1. Which GluC sites (Glu not before Pro) in the stretch 176-255 sit in a loop by DSSP (not H, G, I, E or B) and have at most 15 other Cβ atoms within 10 Å of their own Cβ?
2. Percent of accessible area on the chain owned by carbon and sulfur, 1.4 Å probe?
3. Applying 1/(1 + (r/R0)^6) with R0 = 51 Å to the Cβ-Cβ distance of Asp407 and Ile201, what FRET efficiency is obtained, to the nearest 0.05?
4. May I ask you to list the residues of the stretch 331-352 whose amide nitrogen lies under 19 Å from a point 7 Å from Cα along the Cα→beta-carbon direction of Thr275?
5. If the chain were replaced by its equivalent ellipsoid, with semi-axes equal to the square roots of 5 times the Cα gyration tensor eigenvalues, what would those be, largest first, whole Å?
6. Lys pairs in the stretch 283-364, Cα-Cα under 18 Å, at least 8 apart or on separate chains: how many?
7. Within 14 Å, Cβ to Cβ, of Ala258, how many net charges do the neighbouring residues add up to if Lys/Arg are +1 and Asp/Glu are -1?
8. Restricting to Cα pairs below 8 Å that are 6+ residues apart, what does the relative contact order work out to for the stretch 261-354? Please round to a whole percent.
Amino acid sequence: MLDLNYVRENLDQVRTKLQSRGVPGAALEDFVQADAERRRLIAESDQLNAQRNAASHEIGLLMKEGKRDLADGRRAEVNALKGRIADLDQSRDAAEARIRDLMSSLPNVPDDTVPIGKDETENVEVRRWGARPEFSFEPKDHVDLGTTLSILDLERAAKISGARFSILNGAGARLSRALVNFMLDVQTREHGYQETVPPFIVNASSLFGTAQLPKFEEDLFKLTDERGLYLIPTGEVPVTNYHREEILDASQLPMKFAAYSPCFRSEAGSYGRDTRGIYRQHQFEKVELVKLTLPEESGNELESLTKDAEVILQKLGLHYRVVEHVTGDLGFSAAKSYDVEVWLPSYNEFKEISSCSNCIDYQARRAQIRFRRAGGGKPEFVHTLNGSGLAIGRTWIAILENFQQEDGSVAIPEVLRPYMGGLEVIRRQEQ
């Protein structure tokens, strides 16, 4: 959530920055009106309270002088003032609730370094690594490969659960598990993240804290009982909320978490996109990277988090690039973001496999995650960052498509072979 005082004091700048994200300039007008109404109500209430206090003092003097009739008359006026003040306070509370609702519906303000652009087609390439594979045969996509190898079953998954679900079998299931363990080992042993296994079901307060609620409720799977719980859309939600409503010590920062989790998304609004195979599903798995940092360090921490995600692809030998989001393609909570995109032969293009974002104090303000510097002082909001390190299913796809061989088998990247019991190639008979 944006800082209310910052918005008040920098209204034109905030409006311009939000417009660069595609937010209409009129979106702030409701806030301006509600804020003006709130200020008017407070001023009028303060004025009436001053009158009431003066009248109460006068009543005391009249009583001392024995002028009871005059005092009773003034009491009636004070009671009327009390009623008017109560009405004003109720109206003020309504205006403040309206302001909170408006502020929670506004996305984060882009960092000054973010390129201005309308959508993902204008994202800026930062760097590339590796080279795309060369095939002496017509390569297949992961669906044909996985089906022929009997490691992917979409038909029976649809029978069990519907569209956009999958079943992995045999070496395919093993490969998925190997990727989870490999990614967690790299992030914890080499990059210093603390491994954590969070809850996979969360409450509405947690989703509000990371800004999935209220705006993106249609993308969530909500449980039907009375507790108001949801399946997590990403491990970012429970991990970021780990220290919700807490005040940390500055010496504890940065905190770095690596969490495996399944993720569940209804993919509302994405129908027709990437419908073949398992690239975009209702249920998928990720290793999520989350950081809580000092404000002055979050810029550098975003760069290191992105590189931590890249290392996985480098070790696997997969060709990729990094692109910076323009203002019009930023996620709702993000002030600055990079996408890591892996090369997929079936698409003949790079496709997102990780999105790494610096949310600055936007989520921390919603979730009330603060810290206090040495020597005391007023608590400050931490900066939160998150990114996939990586998406398991999309990495699975990349391995099948980039390491396929002419006979339809798939070579296992060398770094994964210890996690696969020494298996070097997935062939049809491997189950």
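1. Glu226, Glu245
2. 47
3. Efficiency for this residue pair is about 0.70.
4. 347
5. Its equivalent ellipsoid spans semi-axes of 55, 21, 20 Å.
6. Final tally of qualifying lysine pairs is 8.
7. -3
8. About 18 percent, as a whole number.
The values are calculated or read from the model by the stated rules, or taken from the named source; none is laboratory data. What you are looking at is a predicted structure, and each value in this text was computed from that prediction instead of being measured. No Cβ is skipped: glycine too gets one built from the backbone with ideal geometry, and neighbour counts run over all protein chains shown. Quick note on the areas: whole protein, heavy atoms, side chains included, nothing else; ligands and nucleic acids left out. Shrake-Rupley method; radii C 1.70, N 1.55, O 1.52, S 1.80 Å.
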